[in-house]
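> Dumping the structure here so I can ask a few things about it.
What follows draws every value from the coordinates through simple rules; no lab data is involved. Keep in mind that what you see is a predicted model, and the values were worked out from it rather than measured. Ideal geometry is used to build each Cβ from the backbone, glycine not excepted, and the neighbour counts take in all protein chains shown.
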Amino acid sequence: MIASPTLTLQAPQLMTTPPLLTMTGVSRRYGDVVALQDLSATVYPGEVLGIVGESGSGKSTLLRMMNLEDTPDAGDYRLALPDLPGNLFDLDRFARRMLCATRIGIVYQNPHLGLLMKHTSSGNVAERLLIAGERSFAALRGRAREALDASEFPLDRMDARPIELSGGMQQRVQLAKAIALEPALLLLDEPTTGLDVSVQALVLDTLKRLQRDRAITMVIVSHDLGVIRTMADRVMVMRRGRVVEQGLADQIFQDPQHAYTQQLVHAKL
Amino acid sequence: MHPVLEVRNLAKQFQMHHLGQRLHAFDGISFTLQAGEFLLLRGPNGVGKSTLLRTLYRSYLPRAGQIWYHTEEGRIDLATAADVDIALLRRREIGFVTQFLIARPRVAAEDIVAEPLRRAGIAAPEALEEARRWLAEFGVKRDLWRAYPTTFSGGEQQKVNLARALILPQRLLLLDEPTASLDAGARAALIRRLADLKAAGVAMIGVFHHPGDVAGLIDREIELTAREVAEDVAV
């Protein structure tokens, strides 16, 4: 018997959880275009942070910064993980690649960015494991299979090439690749945009399940407020490279404070 | 012994940018709530009872005042606490029960109910067994347990919602018309559960369309009056 009739109240405790991810003062210009302006963000372990904003608000740029694909003009980026001292933007290319391959997973809206379309699906996942030093064929195959299965990819198709798969299946291969090494941080850039509604629901459901079962910390970028509402614990609203408002997801949707957020939420509801 | 909750001069208003107006909800709300106490919020429709509950839960941001939530390690002001702390408190200690279920596509009723237990680290088989016990307790038919509640009637959804919300005892429960749309059997199950929780020391604040339903549980009442609802104020 778990909860009743022998009721047990756990001792209350105040939380002082240190963040997993801390970004401070990040700015990035591309020519005359200001993509990010003195932006700061924190992500706590096990939570899902949703980032919303219109096209060009800088949300995807921010996600790519988190994935160390770009270096800002200024700013500091830290992950509270062992053996990661200092500002991650100071890491050289090799160290960045290693860090991204082993500790950070990413799923792009466009599967061409995340997958080798002419390799097999299992090969795409195994490639990630190879980078991390796995060499035995049996182990590579076994672990790729495991990651594909966790992403609810049909295993009888694991040797199909992504180019032969539907959009929803391609996203599952990306997801399997992203989670194969059990990353500390999973970044999702419009992961369901362009999928039809029923497939979108299935992919979101898989993400939810992964989040629940593995407590993976996630950052999800989407212009679709429904997706953010389904997924996120906290929401950050971006506009013109800045954060205009952030808060608990229900607060952002039920009691938005900023004029821009109100406009955004009212446009949805 | 500290109270669970100490609310001081709590005020809420909504700033509606597109109207250029502020809508006053309430102000000057103060009360104290002890462990095991049941506080009923009374007042006519639109007086701000649900708004007060949502402000305590931080779905709404208060304009002024404090919401001191006491723990053995100290107290935390829910009005200004960090979002991450609120999120964790909601997961473990502060529950909110509405009449509306937020059903997710393709998640079975029993999985929805088991989720708080899974989050608390209880293994799937035990969590599911407990979830089924509560679905049965609230009168959800066995053949619906594996079904997706998105297609359920309002009453059946509400039962799933209650089972999920009450399956883990929390220290503070906010109840927003939980008996609405329930049949007599489910209402009785709910009241039994609330009485058990109260006896176990759970503090509760509730809004009920028919307060008679919970007459035996009520320790204190606060009447919200129209006085606390100011007119729209032009910005």
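> Given H placed 1.01 Å from N in the peptide plane, which residues other than close sequence neighbours of A:V244 have an amide H under 5 Å from its amide H?
The answer is A:V237, A:M238, A:R239.
> As a quick test, which of the pairs A:K208/B:K12; A:K208/B:K159; B:K159/B:K198; A:K59/B:K49 have an alpha carbon distance above 29 angstrom in this structure?
Those over the limit are A:K208/B:K12; A:K59/B:K49.
> Using the Cα gyration tensor of chain A, with a ≥ b ≥ c the square roots of its eigenvalues, what is the shape: rounded (a/c below 1.5), prolate (a/b larger than b/c) or oblate (neither)?
rounded
> Order by neighbour count: A:I131, B:I191, fewest other Cβ atoms within 10 Å first, most last.
Exposure proxy ranking, most exposed first: A:I131, B:I191.
> Can you compute the modelled spin-label distance between B:E72 and B:M16, with each label point 7 Å from Cα toward Cβ, in nm?
Here the answer is 4.7 nm between the modelled labels.
> Right, next: For chain B, what does -39500 (n - 2.57) per DSSP helix run (n ≥ 4), summed and divided by total residues, give at 222 nm, in deg cm²/dmol to the nearest 500?
-9500 deg cm²/dmol
> Calculate one ³J(HN,Hα) per residue across region A:36-48 by plugging θ = phi - 60° into the Karplus curve 6.51 cos²θ - 1.76 cosθ + 1.60, and present them in order as whole Hz with x for glycine and proline.
9, 10, 6, 8, 10, 8, 10, 10, 9, x, x, 9, 10
> For A:E182 and B:R106, FRET efficiency with R0 = 30 Å and r from the beta-carbon atoms, rounded to 0.05?
Efficiency for this residue pair is about 0.75.
> Further, regarding this structure: With a 10 Å Cβ neighbour count serving as the proxy for reagent exposure, in which order, fewest first, do A:L207, A:L225 appear?
Result, fewest neighbours first: A:L225, A:L207.
> Taking H as built 1.01 Å from N, whose amide H comes closer than 5 Å to the amide H of B:F96, not counting residues under 5 places away?
Distant-sequence amide H within range of B:F96: B:L174.
> By counting other Cβ atoms within 10 Å of each Cβ, how are A:M65, B:M16, B:M1 ranked from fewest to most?
Lowest to highest Cβ neighbour count: B:M1, B:M16, A:M65.
> In chain B, which whole DSSP H runs stretch at least 20 Å along their own axis (Cα) and average -0.5 or higher on the Kyte-Doolittle scale?
Helices passing the filter in chain B: B:184-199.
> Report ³J(HN,Hα) in whole Hz for each residue of region B:139-151, in order, from the Karplus equation J = 6.51 cos²θ - 1.76 cosθ + 1.60 where θ = phi - 60°; Gly and Pro get x.
Per residue, the Karplus-derived 3J(HN,Hα) values read x, 7, 5, 3, 6, 9, 4, 8, 7, 8, x, 3, 9 Hz.
> Starting from 0.36 nm per residue, how many nanometres of slack lie between A:E54 and A:D159 once their C-alpha separation is accounted for?
Roughly 34.0 nm would be gained on extension.
> Could you give the length gained on full extension between A:S198 and A:L113, defined as 0.36 nm per residue of separation minus the Cα-Cα distance, in nm?
Roughly 28.2 nm would be gained on extension.
> Counting C-alpha atoms alone, how compact is the protein assembly as shown: give Rg to one decimal and Dmax as a whole number, in angstrom.
Using the Cα atoms of the protein assembly as shown, the pair Rg, Dmax is 24.2, 75 Å.
> If you don't mind, another one. Quick query: amide H of A:A74 versus all other amide H atoms, modeled in the peptide plane; which residues come in under 5 Å with a sequence gap of 5 or more or a different chain?
A:S27
> Also, I was wondering about something else. What nm distance separates the two modelled labels at B:Y148 and B:R192, each placed 7 Å from Cα along Cα→Cβ?
3.2
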